[in-house]
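*Asks:* Could you have a look at this structure, given as structure tokens, before my questions?
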Amino acid sequence: MTRPPEVGALRARMAELSDLHSVSMLLFWDQQTMMPPAGAAARGERAATVALAIHARESDPELGALLDRLEPWAAGEDPDSDDVRLVQWTRRDFEKSVRVPAELAAEISKAKALGQQAWQEARAANDFSLFRDALAHQIELRHRYVACFEGHAHPYDALLDEFEPGLTTAELRPLFAELRDALVPLVAAAGDPDQPRNDGAFHGTFGVDAQRVAVLDVLEGLGFDPDSWRLDAALHPFASALATTDVRITTKYDEQDFAVALYSALHEFGHGLYEANVDRRLFRTTLDDPVSLGVHESQSRMWENVVGRSRPFCAWLRTRLADALPAALNGLDVDGLYRAVNTVQPSLVRTEADETTYNLHIILRFELELALTEGTLSVDELPAAWDEGMQRLLGVEVTGPADGVLQDVHWSAGLVGYFPTYTLGNLIASQMWDRLRDDLPDVDDLLERGEFAPLREWLREHVHRHGRKFPPRELLRRVTRNDLSVDPFLRYLREKLSDSGVLARAA
Ligand code: ZN
């Protein structure tokens, strides 16, 4: 069948939406990196107008009518064509957008600002009671949001779908239980709560300017192209891209610990590379975005951990830093550096957790979110459940809500179902790495020599170029021929902890 004129009409609408999303992202990037603090209120107004313009286009009844006319045509076309996938994704986004009544959407948006304000106050005062009502309201709003949708086997499925399209609670629950049962004894065997992070490596006093030079030098070795990438400082590092030729990553600097800037930058480089490598054919189609938070996170964790904490990378990093910031190495040889960056410290705060303990922080949040969604846990019972979980999973005593139940911003903004994507990222990264190693058996030698191009090209070919054309489950099958699994991650972790001597040393 010939391509009907409605395809052109759909693409024109999507190009506009893509532009508006990009403007919205630019406002966010500027707010996080450049904007003077007093600009916040005015920026809120500008951003809200752009968000309204996006919502109006996404839920436009004429878009629905256009899709009605296109779907019979799409059913007879190549299911892998860009246009057919575009029709499918646009239908999904349209249905999600129109099912939530405008009144509820407005209430959700308002609760986000109020929730974050209450959370900030409660956290500063180390007092959960100041956050209790705002959180209860957020949970109630989540229940009302879930009720807008039909056909989910579990109410949490509707929340997961926001961040990881198609993922279900029935899939996630046994996967996370298996991971928990393997990690708890591993952390108990390898962990040392009294050890500093990255024991012995990267500690010292380093000025921000010198750190930035060193970080840029490392990033340029990996493939950061100054003609189309930027590196800026941000309190909470993130990456965003306005186009494949305009990639912005951020990092943060701790003048006593170079690891903060280095590993944040490696992490955001992975996110940025995904965005930089999306096929240009998809530009302004709305398919030119990463497909899900889990897959996005798999790319950042791969560069931060699978690459960034490997022995061959440590060897390359050592020579690179020997010129740029020699004091950061504290005289460590390759083995010393490799062991230091893989040490295990059970601790209170998720964002500071090492690779081994990290997923237990996520599993705790997943268990609590499920219970809150199912109604088996009340908001009043949450702090005690948190403290009990930290003891049970990580063996640490919570000292107060600021470093306990109040430590993350997510729930204050109504983001429930988001946390699991961090762990999905770790699982997917290992699954993909196994496949990558089959295709590039000499990858360790390449890393040690600082030849990152074959690795970038493999990721571009198998993952990045597709943007969000294929849903996450389908993409994972195409790349790895498998579904989600915890085995590759656990094997990777055990091997690394043994090989680096972290497990033997603790035993
Ligand atoms: Zn990330």
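The values are calculated or read from the model by the stated rules, or taken from the named source; none is laboratory data. The model shown is predicted, which means the values in this text are computed figures rather than measured ones. A quick note on method: Cβ atoms are made from the backbone with ideal geometry, for glycine too, and the neighbour counts reach across all protein chains shown. What goes into the accessible areas is simple: the full protein's heavy atoms, side chains included, and nothing from ligands, DNA or RNA. Shrake-Rupley method; radii C 1.70, N 1.55, O 1.52, S 1.80 Å.
*Asks:* Return only the number of the condition from (1) at pLDDT below 95; (2) in a helix (DSSP H, G or I); (3) not small (G, A, S) that H236 does not satisfy.
*Replies:* (2) is the only condition that H236 fails.
*Asks:* Just the residues that are of a type outside the set (K, R) and either in contact with a strand residue (DSSP E or B) (Cβ under 9 Å, 6 or more places away or on another chain) or under 15 Å from L415 (Cα atoms) (or both), please, taken from the stretch 132-155.
*Replies:* A134, L135, A136, H137, Q138, I139, E140, L141, H143, Y145, V146, P155
*Asks:* Kindly provide the set of residues from the stretch 38-70 that are of a type in the set (K, R) and farther than 19 Å from V23 by Cα, ordered by number.
*Replies:* R69, the sole residue that qualifies.
*Asks:* Please work out which residue is nearest to A276 (Cα to Cα), limiting yourself to the stretch 432-442 and to residues that are open to solvent by less than 50 Å² (accessible area, probe 1.4 Å) and without any contact (Cβ under 8 Å) to a residue 60 or more places away in the chain.
*Replies:* Once the filter is applied, the top-ranked residue is L436.
*Asks:* For K469, indicate whether it is of a type in the set (D, E, K, R) and under 21 Å from the mean Cα position of the chain (by Cα).
*Replies:* Here the answer is yes, as K469 does meet what is asked.
*Asks:* Just checking: which of the helices (runs of 4 or more DSSP H) contained wholly in the stretch 106-211 hold 1 or more residues that are under 28 Å from D335 (Cα atoms)?
*Replies:* Answer list for the stretch 106-211: 169-190.
*Asks:* It is to be established whether one or more residues within the stretch 343-351 are more than 23 Å from V213 (Cβ to Cβ), within 16 Å of the ligand (Cβ to nearest atom), modelled with pLDDT of 95 or more and aliphatic (A, V, I, L, M).
*Replies:* No, every residue in the stretch 343-351 fails to be more than 23 Å from V213 (Cβ to Cβ), within 16 Å of the ligand (Cβ to nearest atom), modelled with pLDDT of 95 or more and aliphatic (A, V, I, L, M).
*Asks:* Out of all the residues in the stretch 277-291, is one or more under 30 Å from L160 (Cβ atoms), within 12 Å of the ligand (Cβ to nearest atom) and not assigned by TED's automatic domain parsing to the domain that holds R85?
*Replies:* So far as the stretch 277-291 goes, yes, one or more of its residues are under 30 Å from L160 (Cβ atoms), within 12 Å of the ligand (Cβ to nearest atom) and not assigned by TED's automatic domain parsing to the domain that holds R85.
*Asks:* Quick check on this structure: which one of D127, D133 is under 30 Å from V398 (Cα atoms), acidic (D, E) and open to solvent by less than 60 Å² (accessible area, probe 1.4 Å)?
*Replies:* Exactly one of D127, D133 is under 30 Å from V398 (Cα atoms), acidic (D, E) and open to solvent by less than 60 Å² (accessible area, probe 1.4 Å), namely D127.
*Asks:* Provide a single number: the residues in the stretch 184-221 that are open to solvent by 40 Å² or more (accessible area, probe 1.4 Å) and of a type outside the set (A, V, I, L, M, F, W, C).
*Replies:* So the count comes out to 12.
*Asks:* In addition: Applying the selection to the stretch 244-261, what residues are out of contact with any helix residue (DSSP H, G or I) (no Cβ under 6 Å at 6 or more places or on another chain), more than 15 Å from the ligand (Cβ to nearest atom) and open to solvent by less than 30 Å² (accessible area, probe 1.4 Å)?
*Replies:* D257, A259
*Asks:* If a residue must be crowded, with 24+ Cβ neighbours inside 10 Å and within 16 Å of the ligand (Cβ to nearest atom), how many such residues does the stretch 404-424 contain?
*Replies:* Going through the stretch 404-424 one residue at a time, the tally reaches 3.
*Asks:* Related question: Could you check, for the stretch 384-398, whether at least one of its residues is surrounded by fewer than 20 Cβ atoms within 10 Å (Cβ to Cβ) and either among the hydroxyl-bearing types (S, T, Y) or at positive phi (or both)?
*Replies:* The answer is yes; a qualifying residue exists.
*Asks:* Between F224, F176, which is under 25 Å from T343 (Cα atoms), modelled with pLDDT of 95 or more, open to solvent by less than 30 Å² (accessible area, probe 1.4 Å) and assigned by TED's automatic domain parsing to the domain that holds L447?
*Replies:* Going through F224, F176 in turn, just one is under 25 Å from T343 (Cα atoms), modelled with pLDDT of 95 or more, open to solvent by less than 30 Å² (accessible area, probe 1.4 Å) and assigned by TED's automatic domain parsing to the domain that holds L447: F176.
*Asks:* Out of the stretch 228-243, which residues are away from the ligand (no atom under 16 Å from the Cβ) and either without any contact (Cβ under 8 Å) to a residue 12 or more places away in the chain or buried (at least 18 other Cβ atoms within 10 Å of the Cβ) (or both)?
*Replies:* Residue satisfying the conditions is W229 alone.
*Asks:* While we're on this one: Looking at the stretch 411-469, what helices (runs of 4 or more DSSP H) fall wholly within it and have at least 2 residues that are under 30 Å from Q88 (Cβ atoms)?
*Replies:* Output list reads 420-439, 453-462.
*Asks:* Right, next: Can you tell me which of (1) of a type outside the set (D, E); (2) within 15 Å of the ligand (Cβ to nearest atom); (3) out of contact with any helix residue (DSSP H, G or I) (no Cβ under 9 Å at 6 or more places or on another chain) is the one H296 doesn't meet?
*Replies:* The failed condition is (3).
*Asks:* Oh, and also: On the basis of being among the acidic types (D, E), part of a helix (DSSP H, G or I), open to solvent by less than 10 Å² (accessible area, probe 1.4 Å) and more than 21 Å from F206 (Cα to Cα), does E369 make the cut?
*Replies:* yes
*Asks:* Then there's this: Counting just the residues of the stretch 372-400 that are part of a helix (DSSP H, G or I) and among the charged types (D, E, K, R), which one comes out nearest to A429 (Cα to Cα)?
*Replies:* R392
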